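The values are calculated or read from the model by the stated rules, or taken from the named source; none is laboratory data. These numbers come from a predicted model, not from an experiment. Cβ placement follows ideal geometry from the backbone for every residue including glycine, while neighbour counts extend to all protein chains displayed.
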Amino acid sequence: MDDPRAYYEPRAHLYGVNIPKDFSLPALSSVRADATRSREMRKRPKDYEDIAVMFPPGSPANKEPHPVHLKLALIFSEGLPSLFCFSYYAREDDVPEDIVDDCIWALSLHISIMEECSETVLRAAGYVKEHDKCELVKYYTLANARWKIVSHLLHCNRAEEAAPIAKTIVEVEYSHGDERWLQNPIPFFVYGKALVLTRSDDHEAARMLRRALLGLESGNRTVDHSHSASAILELVQTRTWLARALRNIGLDDEAKSHEQWLISWFRKNPHLMMDKDLRRLLLPAGPVLEGLGGETWFETRKKTTKTAERSVKACRTCRAREPLVTLSRCNNCKYIYYCSKECQRADWKHHKVLCREMVAEQEKVERLSLTDPVGAKRAADWSVWRKLPQFDTLVHALGLHRDPGRGKTHIVFRAVEYVPTATKIKHKFRVVSCGVFRIKDVLRDIELIMGLDHGEGQEYVDSLLHEPAAPYVRVPHIDLTFGDGIQAWLGNGE
């Protein structure tokens with residue numbers, strides 16, 4: 001997988017806080033301009049020590065004294081609004097590499113302001129709005145700022161700076177009750193990872209990571225996407241760092257059980273993690289990478305039909321994945337996966353049309369085999385080929401890496417031809433022409449190709465783009481594939 005930083009426009013995201021729909025991040029040009037100015041300001045802080053911090057006239061905040069470091073933090077935050085806003089609101093993975101260090105600096109000052117300033121100053125400076133509860137704002141602001149700065153510091157190999165902040169995050173979790181790792185295991189994982197990297201307390205690292213693993217496997221998480229693809233990657237990373245911590249304290253047998261699990265998982269899912277993240281996780285080489293065949297595995301791991309299928313295998317409704325849940329196919333179409341009867345019932349309204357079509361097609365192939373074996377083989381190959389994961393190809397064609405919203409407004413048209421002599425199913429059909437169009441411009445074409453009545457094209461498209469109520473971000477997309485001797489197929493993915 002590619003690094004999303006190379007494609008996405010930065011997106012706003014806060015944990016536990018709803019961002020207004022009309023909010024937009026500052027333009028990167030203004031953020032970079034502030035970042036450049038901040039580097040000069042940091043070189044000569046004494047130039048700003050005599051500047052007075054000014055609040056609205058008559059505000060009691062004007063009478064409050066501030067230590068020099070806090071005074072400078074307030075001056076810099078007011079003088080560099082784009083950088084401070086961006087560093088706090090931007091999704092960590094979307095921050096361009098050239099300004100990560102500047103965002104770390106801004107976040108550190110943001111934390112100091114929220115931790116040390118009085119409520120009077122926070123309200124006067126605009127950090128707490130008139131009708132908001134100060135303690136609640138401080139809690140969520142500090143939670144987000146601490147989380148983001150730890151993420152950036154670990155990304156920049158600055159674990160020694162990240163560890164004490166990660167510890168503070170864990171201490172806040174403890175303040176909410178016992179066994180908090182069962183509801184929110186990720187802070188314990190991050191703190192444990194930081195401790196492994198610093199080698200400052202290997203026993204505490206193992207304790208934190210054991211707790212994180214318990215939480216990840218318990219299914220009791222109260223945070224979003226507890227069984228999604230991201231949760232699986234969190235599980236993999238937790239086991240990896242736990243195995244290292246256990247090796248560091250001499251518990252080799254316990255470490256081996258995790259290493260064997262990881263070796264098996266990576267063999268089955270060699271491409272589910274981004275290459276850069278995979279190398280950061282497994283290097284320098286240890287028992288896991290050695291079990292996979294050494295560093296050459298990074299280059300020799302293959303993307304097969306099976307690994308591609310595993311990469312998209314998830315519950316259609318909630319996106320839960322194995323091994324955190326057990327997935328079962330729909331009994332009728334044998335195609336869509338669900339993790340529970342509840343999820344299957346919730347999706348039936350939107351799945352039933354596709355399900356009945358696929359069952360009808362299977363029955364048609366069986367009947368055709370009695371009278372036209374060649375046609376039956378073509379139809380059977382078509383049924384299998386169109387179900388192969390083709391996510392990367394369609395994402396590239398639609399430009400979803402640049403604008404995920406195009407998945408709801410554009411469609412890929414593909415004309416294919418049958419290649420009966422091909423030995424592998426992925427080569428049984430060859431794309432001979434392809435185009436991307438606005439859905440609203442080709443609705444009548446969809447109806448003609450699919451044999452639908454006038455007006456049914458929009459209904460069909462809407463059913464495919466339906467988003468089930470789930471705590472994760474979907475990027476749906478649709479494609480229409482057709483050719484001589486095959487039934488046109490309007491497919492969807494996410």
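Brief remarks on what is shown
- Residue check, Glu357 exposed (fewer than 12 other Cβ atoms within 10 Å of the Cβ), without any contact (Cβ under 8 Å) to a residue 24 or more places away in the chain and in a helix (DSSP H, G or I): no
- Residue among Glu130, Glu217 that alone is within 30 Å of Glu322 (Cβ to Cβ) and modelled with pLDDT under 95: Glu217
- Filter pass, Lys138 being modelled with pLDDT of 95 or more and either farther than 21 Å from Leu83 by Cβ or of a type in the set (Lys, Arg) (or both): yes
- Within the range 417-466, the set of residues being more than 19 Å from Gly405 (Cβ to Cβ) and basic (Lys, Arg) comprises Lys424, Lys426, Lys428, Arg430, Arg444.
- Among the conditions (1) surrounded by fewer than 17 Cβ atoms within 10 Å (Cβ to Cβ); (2) not in a strand (DSSP E or B), the only one that Ala379 does not satisfy is (1).
- Long-range neighbours under 8 Å by Cβ, at least six apart or interchain, first residue outside the structural domain of Gly58 (by TED's automatic domain parsing) within the range 111-131, second surrounded by fewer than 18 Cβ atoms within 10 Å (Cβ to Cβ): none
- Those residues of the range 395-431 which are among the aliphatic types (A, V, I, L, M), part of a helix (DSSP H, G or I) and at pLDDT below 85, in sequence order: Val395
- Against the numbered list (1) surrounded by 17 or more Cβ atoms within 10 Å (Cβ to Cβ); (2) over 25 Å from the mean Cα position of the chain (by Cα), Thr307 comes up short only at (2).
- With respect to the stated conditions, Tyr48 is at negative phi and touching a residue at least 24 places away in the same chain (Cβ under 8 Å).
- Across the range 360-382, the number of residues qualifying as closer than 23 Å to Val416 by Cβ, out of contact with any Leu (no Cβ under 7 Å at 6 or more places or on another chain) and not charged (D, E, K, R) comes to 9.
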